[in-house]
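Below you'll find the structure, written out as structure tokens, and then a few comments.
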């Protein structure tokens, strides 16, 4: 019984060690204004194959991504985020993608960003 | 136009400026631009009164003169404290980014009772604030303001409260403290009264099959009591309580920080009742004389930089109850045949430990282990009947959390190992039993980050008496439209029925015990197996611009096998395995509404159909009301003239007719009606908060003064064959009033 438990523990610990090697981290800026944007940005990142975790900070506009370097590169993630309508620090969203955003999410519109500010 | 709006916005706030504080939380970015902070936590120091800033960074907080300091915190930012001298001044609060992200803890404002819109399971959480609304006194009494749980007296002499969920008694509910199974086995009858109310931080009530992570035993649902933690509990907490029926309770908590990583707490509880009451003049005490000492020592280790957390708990309990006839004196009358009496002595030791590791680099990976040991010793006699039980239990559970490909797909997997040994003495017979089990589980959760999520779990267990078996559980949640949650669940549970521990009340009767032999492995009986199916709809909406929600749920528990507890022959109690159908259908309609800022209204209607095939035919489960109506109103009055606040809370219950077990074979004098009459009760409590440190409360239970007439059958001859204390459908003691105080020092 004890042996079984130790074996299981060993497997679990080694699996943590194993997965760690495939975890790269990156932080880059993504433009957006509200919680709906946050959901959209994170969803677009997570739907990119190879992305494991994505958290966007509404205040700082920073997107923190954990991904597998062997499966995906940063540019692909950025292009998927921009395809969802959000500008990143290097990839700009097409006017078509941006046009699909809800009115309240039009972050390029000064009026919208001002409304979200003060 | 904009200015007009601003002015309009400020007018009402000027009129009530004294009772509110308003402000805005902002951040100055590196480039000097000013950004509003949404979701910053704003709270009055030393209170639970708080709010979040909205998307513009604005917030409004209720104010009274006892509140002095506002704390503003936000993940990733350094928290700020601001002294409020003039509440009418609009606050502009700038938070600055903190350098170390890991150091920040997230705090959320608690709604006192909340049903989740997001979780795949039907979970309602009862917060500590809600628990204070019914101040007395232990876990068995913590559900007075929650309609999902039904509370009733188990018998006419022990004053023990029994809980039910979905129409079934507590053995079918998995009751855990801090996710470790606790009220089970020998503790089944009185275990809930061994957890003092002040130790409970919050309670999570999950209806339906539950998660596979916590084992295979749960059938109707799970109740988890989260206990107070040394890190967050006040440095010193004292609670005193006294009631007119002679109950005195004392709670003291002392919490100390030993080092940046270690905190410890000592929790002392004592209660006693020395006075004797026999209001209904049946020569029996209406409630037992009792003494309890309950100690807990908790150690908490937190190291967020390294991602390590740990808890160590040690508990010791000594509980003594004496009940029976008023004149009963154990040293003179014990085991005699003149005066009937009973004593139940319990000693219990508990140890539990929890250790967790969260990879700080990869926050979605964690490993946790739970270990628990308990020793429960009960020595009891009821008249001339003896029931002793000794139960040793070991529980261990290893849980690993991670993801598959990304955080939309989460997994939990692990191993559990349990050991239980029971030594029972029942009248002149001994029953000894050892149970061992080893099991593995795997639970997968999917969340589409929008309107759908599911949790699917499977566990495989090997148990020396229950065999090898699979336990599947599935929970789905779908939001078809805004502010809604449609849920579905299905799951299987299997358990060994502890027939004596779970039906301990039978000893306070002269019923002969018959186990109808089935050549099973547990008291010659086979284990219980049941499937539970549930569907529920939660819909939130606005009514006159105030928040409201409606919850409808339907659950069915279908027994494939059951240990039937048959009280239908008045001089006997029969235990046998199910032959035929046994099911419990439960329908609940709930409506919650906040008509005013500080006024909260809850109401619920419940309908049960619980039927079992007995030897004498298919019958409704005895002493289970088919209908129940519940209403609760709570109001908080924050005045500007007087410091502090007043809290009012009232709960009304109407309990429908309940079937009495058949007494047709008794002589005419000992026959009861087929059903009990319906009755209603009213509980109310008023709390006066003087400051964040001190409050007093007083209240009444059963204020309509309802009591069951002749709760004990054959009370005039307790050694005769018709003596029976199990026909209890309602309160035995009429109205009861109490008062208490709480003192906190942070």
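Could you list, in sequence order, the residues of region B:717-730 that are surrounded by fewer than 17 Cβ atoms within 10 Å (Cβ to Cβ) and either without any contact (Cβ under 8 Å) to a residue 40 or more places away in the chain or under 26 Å from the mean Cα position of the chain (by Cα) (or both)?
From region B:717-730, those surrounded by fewer than 17 Cβ atoms within 10 Å (Cβ to Cβ) are B:717, B:719-721; that's our starting set.
The answer is B:717, and nothing else.
For region A:12-35: of the residues being facing chain B (nearest Cβ under 10 Å) and touching a strand residue (DSSP E or B) at 6+ places or on another chain (Cβ under 6 Å), which is modelled with the lowest pLDDT?
In this case the residue turns out to be A:12.
Which members of region B:68-96 meet the condition of being in contact with a helix residue (DSSP H, G or I) (Cβ under 6 Å, 6 or more places away or on another chain) and within 14 Å of another protein chain (Cβ to nearest Cβ)? Step through it out loud before you land on a result.
Let us first name the residues in region B:68-96 that are in contact with a helix residue (DSSP H, G or I) (Cβ under 6 Å, 6 or more places away or on another chain), namely B:76, B:88.
Residue satisfying the conditions is B:76 alone.
Please go through region B:39-67 and give me each residue that is in contact with a helix residue (DSSP H, G or I) (Cβ under 9 Å, 6 or more places away or on another chain), within 14 Å of chain A (Cβ to nearest Cβ) and either at pLDDT 75 or above or in a strand (DSSP E or B) (or both), ordered by number.
Selection gives B:56, B:57.
Sort out which residues of region B:653-674 are modelled with pLDDT of 95 or more and not in a loop (DSSP other than H, G, I, E, B), and write them in order of number.
Those that are modelled with pLDDT of 95 or more and not in a loop (DSSP other than H, G, I, E, B): B:653, B:654, B:655, B:659.
Is it fair to say residue A:112 is in contact (Cβ under 8 Å) with a residue 60 or more places away in the chain, surrounded by 14 or more Cβ atoms within 10 Å (Cβ to Cβ) and within 13 Å of chain B (Cβ to nearest Cβ)? Walk me through it before giving the result.
Numbers: in contact (Cβ under 8 Å) with a residue 60 or more places away in the chain: yes; surrounded by 14 or more Cβ atoms within 10 Å (Cβ to Cβ): yes; within 13 Å of chain B (Cβ to nearest Cβ): yes.
Here the answer is yes, as residue A:112 does meet what is asked.
Out of B:711, B:677, which single residue is more than 27 Å from the chain's Cα centre (by Cα), assigned to a loop (DSSP other than H, G, I, E, B) and at pLDDT 95 or above?
Values: B:711 fails: at pLDDT 95 or above.
When all the criteria are applied, what remains is B:677.
Which count do you get for residues in region B:446-455 that are more than 14 Å from chain A (Cβ to nearest Cβ) and under 16 Å from residue B:401 (Cβ atoms)? Steps first, please.
Kept after step one, since they are more than 14 Å from chain A (Cβ to nearest Cβ), are these residues of region B:446-455: B:454-455.
Pick out the ones that are also under 16 Å from residue B:401 (Cβ atoms) and you get B:455.
Residues flagged as more than 14 Å from chain A (Cβ to nearest Cβ) and under 16 Å from residue B:401 (Cβ atoms) within region B:446-455 amount to 1.
Of all the residues that make up region B:434-448, how many are modelled with pLDDT under 95 and surrounded by fewer than 15 Cβ atoms within 10 Å (Cβ to Cβ)?
1
Report every pair of residues separated by at least 6 positions or lying on different chains whose Cβ atoms are under 8 Å apart, first residue within region B:455-473 and in the same structural domain as residue B:414 (by TED's automatic domain parsing) and free of Cβ contacts under 8 Å to residues at least 12 places away in the same chain, second in a strand (DSSP E or B) and exposed (fewer than 15 other Cβ atoms within 10 Å of the Cβ).
From residues that are in the same structural domain as residue B:414 (by TED's automatic domain parsing) and free of Cβ contacts under 8 Å to residues at least 12 places away in the same chain, the pairs are B:468/B:462.
Among the residues of region B:416-433, is any loosely packed, with under 15 Cβ neighbours inside 10 Å, closer than 30 Å to residue B:455 by Cα, without any contact (Cβ under 8 Å) to a residue 24 or more places away in the chain and within 14 Å of chain A (Cβ to nearest Cβ)?
So in region B:416-433, the residues loosely packed, with under 15 Cβ neighbours inside 10 Å come out as B:427-430, B:432.
Within this subset, residues satisfying the condition of being closer than 30 Å to residue B:455 by Cα are none.
Within region B:416-433 (the criterion being loosely packed, with under 15 Cβ neighbours inside 10 Å, closer than 30 Å to residue B:455 by Cα, without any contact (Cβ under 8 Å) to a residue 24 or more places away in the chain and within 14 Å of chain A (Cβ to nearest Cβ)), the answer is no, since none of the residues qualifies.
What strands (runs of 3 or more DSSP E) lie completely within region B:239-345 and have 3 or more residues being surrounded by 17 or more Cβ atoms within 10 Å (Cβ to Cβ) and in contact (Cβ under 8 Å) with a residue 60 or more places away in the chain?
B:262-273, B:289-303, B:308-324
Evaluate region B:671-680: report whether one residue or more is in contact with a strand residue (DSSP E or B) (Cβ under 8 Å, 6 or more places away or on another chain) and touching a residue at least 60 places away in the same chain (Cβ under 8 Å).
Checking region B:671-680: not a single residue is in contact with a strand residue (DSSP E or B) (Cβ under 8 Å, 6 or more places away or on another chain) and touching a residue at least 60 places away in the same chain (Cβ under 8 Å).
All but one of (1) assigned to a strand (DSSP E or B); (2) within 14 Å of chain A (Cβ to nearest Cβ); (3) in contact (Cβ under 8 Å) with a residue 40 or more places away in the chain hold for residue B:413; state the number of the condition that does not hold.
In the conditions (1) assigned to a strand (DSSP E or B); (2) within 14 Å of chain A (Cβ to nearest Cβ); (3) in contact (Cβ under 8 Å) with a residue 40 or more places away in the chain, residue B:413 misses (3) alone.
Could you tell me whether any residue of region B:369-380 is within 12 Å of another protein chain (Cβ to nearest Cβ), buried (at least 16 other Cβ atoms within 10 Å of the Cβ) and touching a strand residue (DSSP E or B) at 6+ places or on another chain (Cβ under 9 Å)? Outline the logic, then answer.
If we filter region B:369-380 for residues that are within 12 Å of another protein chain (Cβ to nearest Cβ), which is where we start, we get B:369, B:371.
Filter once more, so that each one left must be buried (at least 16 other Cβ atoms within 10 Å of the Cβ): B:369, B:371.
Of the ones still in play, those that are also touching a strand residue (DSSP E or B) at 6+ places or on another chain (Cβ under 9 Å) are B:369, B:371.
Among the residues of region B:369-380, at least one is within 12 Å of another protein chain (Cβ to nearest Cβ), buried (at least 16 other Cβ atoms within 10 Å of the Cβ) and touching a strand residue (DSSP E or B) at 6+ places or on another chain (Cβ under 9 Å), which makes the answer yes.
Please work out if residue B:400 is in contact (Cβ under 8 Å) with a residue 24 or more places away in the chain, more than 14 Å from chain A (Cβ to nearest Cβ) and either assigned to a strand (DSSP E or B) or over 29 Å from the mean Cα position of the chain (by Cα) (or both).
Details: in contact (Cβ under 8 Å) with a residue 24 or more places away in the chain: yes; more than 14 Å from chain A (Cβ to nearest Cβ): no; either assigned to a strand (DSSP E or B) or over 29 Å from the mean Cα position of the chain (by Cα) (or both): yes.
For residue B:400, the condition - in contact (Cβ under 8 Å) with a residue 24 or more places away in the chain, more than 14 Å from chain A (Cβ to nearest Cβ) and either assigned to a strand (DSSP E or B) or over 29 Å from the mean Cα position of the chain (by Cα) (or both) - is not met.
All but one of (1) part of a loop (DSSP other than H, G, I, E, B); (2) under 24 Å from residue B:204 (Cβ atoms); (3) touching a helix residue (DSSP H, G or I) at 6+ places or on another chain (Cβ under 6 Å) hold for residue B:231, so report the exception by its number.
Unmet condition: (3).
Kindly indicate whether residue B:522 is assigned by TED's automatic domain parsing to the domain that holds residue B:584, crowded, with 17+ Cβ neighbours inside 10 Å, touching a strand residue (DSSP E or B) at 6+ places or on another chain (Cβ under 9 Å) and modelled with pLDDT of 95 or more. So that I can check it myself, show each step before the final result.
Values: assigned by TED's automatic domain parsing to the domain that holds residue B:584: yes; crowded, with 17+ Cβ neighbours inside 10 Å: yes; touching a strand residue (DSSP E or B) at 6+ places or on another chain (Cβ under 9 Å): yes; modelled with pLDDT of 95 or more: no.
So residue B:522 does not fit the description; no.
Output the number of the condition that residue A:95 fails; it satisfies all remaining conditions of (1) in contact with a helix residue (DSSP H, G or I) (Cβ under 8 Å, 6 or more places away or on another chain); (2) away from chain B (no Cβ under 14 Å).
(1)
Return yes when residue B:601 is within 22 Å of the chain's Cα centre (by Cα), at pLDDT 95 or above and either over 25 Å from residue B:470 (Cβ atoms) or in a loop (DSSP other than H, G, I, E, B) (or both) and no when it is not.
Working: within 22 Å of the chain's Cα centre (by Cα): yes; at pLDDT 95 or above: no; either over 25 Å from residue B:470 (Cβ atoms) or in a loop (DSSP other than H, G, I, E, B) (or both): yes.
Taking the combined requirement at face value, the residue does not satisfy it.
Could you pull out every one of the strands (runs of 3 or more DSSP E) wholly within region B:468-557 that has 3 or more residues that are within 21 Å of residue B:580 (Cβ to Cβ) and within 23 Å of the chain's Cα centre (by Cα)?
Working: elements: B:484-495, B:512-515, B:528-543.
The qualifying strands (runs of 3 or more DSSP E) are B:484-495, B:528-543.
Listed residues A:43, A:38, A:52; which is closer than 18 Å to residue B:448 by Cα, facing chain B (nearest Cβ under 8 Å), assigned to a helix (DSSP H, G or I) and modelled with pLDDT of 90 or more? Can you show your working first?
Values: A:38 fails: facing chain B (nearest Cβ under 8 Å); A:52 fails: assigned to a helix (DSSP H, G or I).
Only one candidate passes the filter, namely A:43.
Within region B:346-365, count every residue that is in contact (Cβ under 8 Å) with a residue 40 or more places away in the chain and over 31 Å from the mean Cα position of the chain (by Cα).
Going through region B:346-365 one residue at a time, the tally reaches 2.
Considering region B:558-588 alone, what residues qualify as being surrounded by 15 or more Cβ atoms within 10 Å (Cβ to Cβ) and assigned to a loop (DSSP other than H, G, I, E, B)?
B:562, B:567, B:568, B:569, B:570, B:578
Please indicate, with yes or no, whether at least one residue in region B:120-129 is in contact with a helix residue (DSSP H, G or I) (Cβ under 8 Å, 6 or more places away or on another chain) and surrounded by 21 or more Cβ atoms within 10 Å (Cβ to Cβ). Give the steps one after another, and end with the answer.
First, the residues of region B:120-129 that are in contact with a helix residue (DSSP H, G or I) (Cβ under 8 Å, 6 or more places away or on another chain): none.
For region B:120-129, residues in contact with a helix residue (DSSP H, G or I) (Cβ under 8 Å, 6 or more places away or on another chain) and surrounded by 21 or more Cβ atoms within 10 Å (Cβ to Cβ): absent.
The values are calculated or read from the model by the stated rules, or taken from the named source; none is laboratory data. If you're wondering where the values come from, they're calculated on a predicted model, not measured in any experiment. Please note: Cβ atoms are built from the backbone with ideal geometry, for glycine as well, and neighbour counts cover all protein chains shown.
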